[in-house]
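The values are calculated or read from the model by the stated rules, or taken from the named source; none is laboratory data. Just so it is clear, the structure is predicted and the values come from calculations on it, not from any experiment. Here the Cβ positions follow ideal geometry from the backbone for every residue, glycine too, while neighbour counts run over all protein chains shown.
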Amino acid sequence: MTAIISTPYSRDLGDELRRLRESCTSFNGRAMAVQLGWDPSKVSDIELGKVRASEIDLVQYLATCGKDIGFVNAFRSRYHNAFDLYFAQMPDNLRTLAMMEAMATKIVSFDILTVHGLLQTDRYARELFVDSQIEAPEDIEKFVQARMERQAIMRRPSRPECVFYLHELALRMRLGDASLREDQYLRLLFNTHILRIVPADVVAFRSAVTLYEFGKAAPVVYSDTDTAKVYAQDSLAVARTRRLFERLDAVALDAEQSKRRLAEYVSGLREDPDDRGTDLA
C-alpha cells in the first residue's frame with residue numbers, strides 16, 4: 001500500500017470499494033480489516049482513496065467481497081490510473097463528477113456556450129441533450145435526472161462557495177423556445193450564488209473550465225467536451241486556472257451589473273417572444 005496524493009477518481013473508486021463491502025459482506029470496516037489481517041486504518045485509507053492499494057491488496061479485498069476474476073481484472077484496470085494527476089473519463093461517467101462536487105468547499109467556473117450544469121433548469125438540460133442528438137433518446141431522461149440531482153449541493157446548509165463566470169454567448173444561444181430561455185434566465189437571475197457575465201466582446205478565452213477546492217484535498221481543474229471529461233490536479237494546471245480566473249475577474253461584469261444584463265435579456269424576450277432574430281434572444 002503506497003501513500004500518495006488522492007484524486008477525485010481515487011476517492012470515487014475507494015467509495016466504490018466501501019459500497020461493495022457494505023453490500024456484499026456483513027463486515028464493517030474494522031471487521032473487514034480483521035478478515036484481511038490488516039490494520040483498520042488501511043481499510044479506511046483505501047476506501048477514502050487516500051492511498052493506493054497494491055495489486056495483492058485489491059485482489060484480497062475484492063475476493064472477500066465475493067467477486068470473481070473477471071470483476072477483479074476489470075476493477076484493477078480502472079484502478080491502475082486512479083491516482084494520475086491528469087486523467088480522462090467517458091462523458092457519460094457522472095459519478096466521479098457528482099462526488100467531487102459534493103465534497104467541494106468552493107467552485108469557480110467559466111462557461112462559454114452553455115450554462116453550467118449546476119445552474120440549468122430541467123427543460124434547458126433536456127433540450128441540450130435533444131439538440132445535440134448524441135445521446136440515445138431513451139437515455140436522455142436519465143441524464144437530465146442525474147444533472148438535477150447534482151444540483152442538490154446548491155440547497156445544502158453547508159453548500160460550497162460558488163462563483164460562476166458565464167460568457168454572454170451562452171445567453172445568446174437560440175436553444176429551445178422563448179419560454180425555455182426565459183425560465184433559464186430567471187433561474188440565473190434569482191437562484192445562483194454569484195454570477196458574473198463576461199461581455200460578448202471579450203473573446204480571448206477559448207474553453208470552459210471549473211476549479212474545485214476542498215477542505216483537505218488538493219484543488220482539481222475540470223473541463224469537459226462531447227467526447228471526454230478531463231480532470232487535472234497538477235499544480236501547474238491549477239496555477240494556470242487561477243490566473244485565468246484573475247483575468248476574468250478583471251473583465252467580467254460585477255454581480256449587480258450581471259443581474260441588470262440578465263434582466264435585459266428577460267425583457268427582450270417578453271417584448272417580442274416570437275422574434276428569433278433579436279439580439280437579446
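Observations
- Within region 23-47, the set of residues being under 13 Å from Tyr61 (Cβ atoms) and not hydrophobic (A, V, I, L, M, F, W, C) comprises Thr25, Gly29, Gln35, Gly37, Lys42, Ser44, Asp45, Glu47.
- The residues on offer are Phe71, Phe27, and the sole one that is outside any helix (DSSP H, G or I) and outside the structural domain of Ala218 (by TED's automatic domain parsing) is Phe27.
- Screening the candidates Ala88, Ala98 for the property of being under 22 Å from Thr241 (Cβ atoms), surrounded by 14 or more Cβ atoms within 10 Å (Cβ to Cβ) and touching a strand residue (DSSP E or B) at 6+ places or on another chain (Cβ under 6 Å) yields one hit, Ala88.
- Checking Arg196, Arg206 one by one, the residue that is in the same structural domain as Ala152 (by TED's automatic domain parsing), at pLDDT below 95 and not in a helix (DSSP H, G or I) is Arg206 and no other.
- Qualifying residues in region 123-159 (those that are within 19 Å of the chain's Cα centre (by Cα) and not in a helix (DSSP H, G or I)) - the one nearest to Thr225 (Cα to Cα): Glu135
- Within region 26-44, residues that are more than 16 Å from Gly14 (Cα to Cα) reach partners that are among the aromatic types (Phe, Trp, Tyr) and surrounded by 13 or more Cβ atoms within 10 Å (Cβ to Cβ) with beta carbons closer than 8 Å, at six or more positions or on different chains, in the pairs Gln35/Phe27; Leu36/Tyr61.
- Scanning region 42-59 for residues that are surrounded by fewer than 17 Cβ atoms within 10 Å (Cβ to Cβ) and either assigned to a helix (DSSP H, G or I) or at positive phi (or both) returns Glu55, Ile56.
- Looking only at region 1-41, and only at residues there that are surrounded by fewer than 17 Cβ atoms within 10 Å (Cβ to Cβ) and polar (S, T, N, Q), the one that is nearest to Phe87 (Cα to Cα): Thr2
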